[in-house]
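The values are calculated or read from the model by the stated rules, or taken from the named source; none is laboratory data. Note that the structure is a prediction, hence the values are computed from the model and not measured. So basically every Cβ, Gly included, is an ideal-geometry build from the backbone, and we count neighbours across all protein chains shown.
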Amino acid sequence: MNQPVNYMQPDVPGKLPWHKVKTVVATNENLKGYGCLVKASEYKTFPVEIVQWPKATGRPIDADTGNQGGTKEGIFDFWWEGDLLFGRNNAIKDEYLLGWSVNPDDANRNNAVEATDKVLLWHANYHPDGGQLFFPIEGSPFVTPLALPGDDITPDKFTNFYFDGSCGLYIHPGIWHEGIFPLSRKSKFFDKQGSVHARVSVNFAREFGVFLEVPLQK
């Protein structure tokens, strides 16, 4: 049985090579398959897809059942402490060490850093049970690396999408992601997602021997 992932104390080496992800400006056209842009006028009522509970064999699950868990919503906080980027999903009451601006061995939580141009990720995941919506409450520009569905995931399958802060992002169930990364040192996002919140994960450091280098810029 899989052991729970310790998101605040990642099981990763202190130094690894970096795999840089290509950045594109997000549009509804290049987000096809991943999700779509969400306008300020619609994010609070935007529908989140919920996937019917799976059943491998035997009689099928009755129609209109197995998908009644609904959604949760709340504020997703992101903030830097020195060279470390943290996130707190208040909708599901989870907290994460998302990454670093330098290799972990060189990272200092007490550094007086005013800005950074990248975040090094050790992990990504997808939710098989539902979609997820993020909207920048303060209008902060942000980026997020995404990959299309499939368990044969590799670092080169990710694309980093840049958003100017005027729209949010909705992603379909099964889309690989790892939070939202504001270009500011601290930001808040409205978050709406499936209540079950199942996660399927990849540890880039352990599986591929790299950190995913995500540029914090257009």
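Numbers at a glance
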| read-out | value |
| --- | --- |
| Top-ranked residue in the range 63-89 [being polar (S, T, N, Q) and in a strand (DSSP E or B); ranked as surrounded by the most Cβ atoms within 10 Å (Cβ to Cβ)] | N89 |
| Qualifying position, being over 20 Å from P182 (Cα atoms), touching a residue at least 24 places away in the same chain (Cβ under 8 Å) and surrounded by fewer than 11 Cβ atoms within 10 Å (Cβ to Cβ), among P4, P60, P17, P13 | P17 |
| Some residue of the range 58-67 being of a type in the set (A, V, I, L, M, F, W, C) and more than 30 Å from I137 (Cα to Cα) | yes |
| Of residues in the range 31-47 being in contact with a strand residue (DSSP E or B) (Cβ under 6 Å, 6 or more places away or on another chain) and assigned to a loop (DSSP other than H, G, I, E, B), the one nearest to K118 (Cα to Cα) | Y34 |
| In the range 188-216, residue surrounded by the most Cβ atoms within 10 Å (Cβ to Cβ) [restricted to those that are over 13 Å from the mean Cα position of the chain (by Cα) and modelled with pLDDT under 95] | G194 |
| Residues (in contact with a Leu (Cβ under 6 Å, 6 or more places away or on another chain) and either modelled with pLDDT under 95 or part of a loop (DSSP other than H, G, I, E, B) (or both)) located in the range 176-187 | E178, G179, L183 |
| Filter result (in contact (Cβ under 8 Å) with a residue 12 or more places away in the chain and assigned to a loop (DSSP other than H, G, I, E, B)) within the range 90-110 | N90, A91, I92, S101, V102, N103, A107, N108, R109, N110 |
| Residues that are of a type in the set (F, W, Y) and either within 22 Å of W79 (Cβ to Cβ) or surrounded by fewer than 19 Cβ atoms within 10 Å (Cβ to Cβ) (or both), drawn from the range 176-187 | F181 |
| Subset tally (residues that are part of a strand (DSSP E or B) and either more than 14 Å from L121 (Cα to Cα) or of a type outside the set (S, T, N, Q) (or both)) for the range 146-169 | 7 |
| From I180, I175, residue being under 20 Å from W80 (Cα atoms) and among the hydrophobic types (A, V, I, L, M, F, W, C) | I180 |
| Selection count, the range 20-30, where residues are surrounded by 10 or more Cβ atoms within 10 Å (Cβ to Cβ), charged (D, E, K, R) and either in contact with a His (Cβ under 9 Å, 6 or more places away or on another chain) or part of a loop (DSSP other than H, G, I, E, B) (or both) | 1 |
| Set D105, D129, D62: member being at negative phi and touching a strand residue (DSSP E or B) at 6+ places or on another chain (Cβ under 8 Å) | D129 |
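Listed here are the residues, each with its yes/no results for (1) at pLDDT 95 or above; (2) within 19 Å of G174 (Cα to Cα); (3) more than 20 Å from the chain's Cα centre (by Cα).
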position	(1), (2), (3)
W53	no, yes, yes
A56	no, yes, yes
G74	yes, no, no
D106	yes, no, yes
H127	yes, yes, no
S140	no, no, no
T144	yes, yes, no
